[in-house]
């Protein structure tokens with residue numbers, strides 16, 4: 001009983017515990033300046049995980065986010081000279097469109113989301129390779145600074161990247177908790193058939209959820225691209241696993257309906273602390289994914305709502 | 001021969017069984033009756049080994065036995081015929097009968113199908129079922145599946161030494177009258193091979209079949225009666241612990257409906273093989289009830305009126321508007337409310353608060369500039385909690401934590417607060433205790449007085465007769481007969497059954 005009541009608090013308790021352990025082992029971890037840099041560094045991942053939250057919250061998943069981000073790094077780099085800051089809109093539109101197509105395929109053609117988004121991911125990857133000619137492209141430094149230089153400034157001592165992340169978190173939190181769309185997302189995640197029988201337009205809401213996921217994946221790609229001042233079809237590789245881990249350790253289970261964007265913020269910070277710990281412990285970069293892979297399995301097993309699975313996992 | 005002595009079972013917060021004694025003699029049929037929540041299912045689970053008792057003991061021929069799981073119980077001759085059938089429908093009949101026991105037919109690592117078929121025929125003969133053991137189970141009717149299930153349990157006879165005790169959990173719920181007759185004859189015949197424990201909510205059936213009847217209430221056996229001295233009213237009284245009001249179904253409150261313009265009108269509507277050429281009118285204040293056996297098309301008609309199913313032909317008119325697009329969403333917009341049979345799956349969203357469930361179908365009304373007015377949603381919920389006397393600490397409580405009757409009230413509050421004036425009720429009292437059922441009956445009368453048109457698929461025929469103005473009998477998707485049910489001149493059970501089967 002008590003364990004059930006504690007469950008919603010696990011994510012932040014984990015975060016505090018992990019941060020304390022890392023901080024004791026390496027007191028430099030608590031240095032404010034360094035910490036802010038670490039947080040700023042994790043912003044592209046966070047934005048991607050934020051989008052992923054919507055797909056998982058309705059009980060689906062979006063495996064296309066990393067490839068959408070890859071595609072967007074190329075798009076942003078290629079079209080920066082043409083559109084200036086307007087390239088952000090192009091990127092956002094492309095990502096949203098990809099997400100919406102995944103949503104359409106999932107709801108109207110009855111293809112499970114893990115297949116439809118995987119397939120759309122390959123479409124995006126291929127588009128990125130085609131557009132970039134398989135080369136690493138770089139942005140014109142002056143153009144980049146004129147259009148997006150503000151992203152990396154500071155406001156009142158706070159990196160602007162963190163402010164962008166906070167604004168996005170605020171918007172998505174509002175969407176999730178205060179709008180009919182958010183309520184519908186929750187209903188679909190917690191009891192899809194009841195949502196249908198209450199007359200909700202479930203297909204439409206799901207398509208919107210995947211569109212949001214795709215749109216935020218595009219923003220994530222854009223921020224990352226500007227940060228590294230370039231684009232290529234493999235730039236965002238490695239994000240997908242971390243984004244899923246961030247959502248799940250944050251406390252949004254694969255079965256959906258509980259958790260949400262605040263949980264993902266906590267989950268992303270947990271990923272950040274673990275990454276920092278691995279750097280401190282000198283875990284080789286090639287082995288880090290191994291640890292996150294195992295962590296993912298643990299997070300899924302710990303958060304999944306078995307009563308919803310009806311005893312059958314295929 | 002089989003005996004439970006002073007069996008206790010606790011769950012967090014409840015004592016499900018209190019010092020239960022139960023004896024089954026060789027060749028005896030023991031009946032078990034009780035309301036929902038009386039402890040019948042817990043007791044059965046202990047008998048077939050799914051639960052272990054916390055106190056007391058299980059004895060077979062005077063020796064203590066303890067089962068860790070159903071398999072061990074089976075090895076001691078305890079078999080269970082499940083209410084929700086446990087056959088795997090894409091396997092053949094013989095594969096189902098010997099599921100998990102194929103080792104008896106293995107020769108050099110492969111299954112000898114001929115030997116298995118022969119053995120299966122033997123088992124099927126015991127239940128007098130003349131079907132090919134190679135038949136795929138999905139092609140059998142419900143009654144036949146039930147028999148196969150029984151045959152499966154009877155394989156224990158060859159596999160173990162000692163006596164058999166077979167539990168029958170609501171075996172008649174999916175059968176029609178003739179099939180029930182057949183089953184009863186068979187069970188009586190089989191008493192030479194096994195003893196039976198027969199659990200059903202139909203007291204008349206239990207009375208007919210059993211030698212002795214255990215009556216349970218609140219986790220205790222309140223009485224054991226012999227067939228000769230048993231009487232339905234007495235048993236019912238003991239189950240409930242009080243007299244059932246003669247006006248149980250609120251017949252005295254039934255008022256004639258306005259024979260004005262129809263709220264819902266179906267003309268020659270068909271849906272694939274589910275129902276054909278269905279026509280009827282529903283008027284304001286009318287309670288229209290569909291009766292028929294399982295699969296007679298009752299639910300499909302409700303779902304079509306709501307918009308969850310699209311008919312293949314015919315016209316559906318709701319409030320003088322012909323329905324062209326069949327979607328739940330447009331059903332809701334037309335003022336249709338649907339209370340589905342599967343309350344936990346379709347009725348409400350578990351994991352969402354009471355107030356969120358109440359406004360789920362009408363969020364638009366509580367939205368200003370794209371933002372939900374949570375305060376007014378909660379106010380609405382508080383009003384309805386008071387109005388329908390919903391037992392919940394507050395409107396923020398997760399709906400899944402309420403009792404079945406209160407969950408049903410939340411679902412009704414959802415539609416009534418939205419002003420739905422056509423309410424479709426699919427088994428609204430299923431799984432509710434008697435008090436909660438009466439609340440539902442009261443609400444049906446209230447809605448009817450307020451001019452709401454109600455289409456009902458009732459849990460029992462008595463309920464259908466008691467509640468409705470109009471009864472339409474369905475058989476295999478066709479309308480057989482329409483009855484008017486004014487208080488005092490209601491059709492009898494016999495009238496209905498006569499047209500159902």
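Quick look at the values:
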read-out	value
Rounded tilt (10° steps) of B:374-387 against the dominant C-alpha axis of chain B	70 degrees
Calculated on alpha-carbon atoms, Rg and Dmax of the stretch A:70-144 in Å	14.3, 47
Estimated [θ] at 222 nm from DSSP helical runs (n ≥ 4, -39500 (n - 2.57)) normalised by residues in chain B, nearest 500	-9000 deg cm²/dmol
Protection-proxy order for peptides B:368-380, B:153-165, B:332-344, each taking the mean of Cβ atoms within 10 Å per residue, highest first	B:332-344, B:153-165, B:368-380
Space enclosed by the convex hull of the alpha-carbon atoms of the stretch B:127-245, per residue, Å³	143 Å³
Mean separation of Cα contacts under 8 Å (6+ apart) over length of chain B, as relative contact order %	15 percent
Whether the stretch A:20-177 is rounded, prolate or oblate, judged on the alpha carbon gyration tensor where a/c under 1.5 counts as rounded	oblate
Between 0 and 90°, nearest 10: helix B:177-190 axis offset from chain B longest Cα axis	20 degrees
Extension reserve of the residue A:203-residue A:234 stretch, reckoned as 0.36 nm per residue once the Cα distance is removed	7.9 nm
Least to most buried among A:204, B:298, A:5 (fewest other Cβ within 10 Å first)	A:5, A:204, B:298
Additional length obtainable on full extension of the chain from residue B:101 to residue B:478, 0.36 nm per residue less Cα span	131.4 nm
Cβ crowding within 10 Å averaged over residues, with B:411-419, B:22-30 ranked highest first	B:411-419, B:22-30
Global form of the protein assembly as shown, assessed from the alpha-carbon gyration tensor, a/c cut-off 1.5	prolate
Listed residues A:154, A:227, A:129, most fluctuating in chain A (Gaussian network, C-alpha, under 10 Å)	A:154
Cα-Cα separations in the stretch B:380-501 greater than 17 Å, expressed as whole percent	60 percent
Sites residue A:150 and residue A:304, calculated FRET efficiency, Cβ-Cβ separation with R0 56 Å, nearest 0.05	0.85
Computed helical MRE - 222 nm, chain A, DSSP H runs ≥ 4 contributing -39500 (n - 2.57), nearest 500	-24500 deg cm²/dmol
Percentage of interatomic Cα-Cα distances in the stretch B:212-310 larger than 18 Å	66 percent
FRET efficiency, residue B:25 to residue B:492 (Cβ-Cβ, R0 35 Å, nearest 0.05)	0.40
Gain on full stretching of the segment that runs from residue B:132 to residue B:112 - 0.36 nm per residue minus C-alpha separation	5.6 nm
Residue mean of other protein chain beta carbons inside 10 Å, A:175-185	4
Rule-of-thumb Rg ratio for chain B [Cα; 2.2 N^0.38 Å; N residues]	1.07
Counting DSSP beta bridges with both ends in the stretch B:154-310, the antiparallel % (nearest 5)	65 percent
Spacing of the two label points (7 Å from each Cα toward its C-beta) at residue B:89 and residue B:403, in nm	3.5 nm
Area projected by the alpha carbon convex hull of chain A, averaged over all directions, nm²	17.3 nm²
Residue mean of other protein chain beta carbons inside 10 Å, B:322-329	2
Over the stretch B:342-382 - Rg/Rh using Cα atoms and the Kirkwood inverse-distance radius	1.02
Other protein chain Cβ atoms within 10 Å, averaged over every residue that makes up B:356-367	4
Most to least packed among B:402-408, B:111-117 [average Cβ atoms within 10 Å]	B:402-408, B:111-117
Rounded if a/c under 1.5, otherwise prolate or oblate - the stretch B:46-169, Cα gyration tensor axes	prolate
Sites residue B:383 and residue A:158 - FRET efficiency at Förster radius 51 Å, r taken between beta-carbons, to 0.05	0.65
Percent of beta bridges antiparallel (DSSP, the protein assembly as shown, rounded to nearest 5)	60 percent
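Each reported figure results from applying straightforward, stated rules to the coordinates on display, with no laboratory input. Please read all numbers here as calculations on a predicted model, not as lab measurements. Cβ: placed from backbone, ideal geometry, glycine included. Neighbour counts: every protein chain shown.
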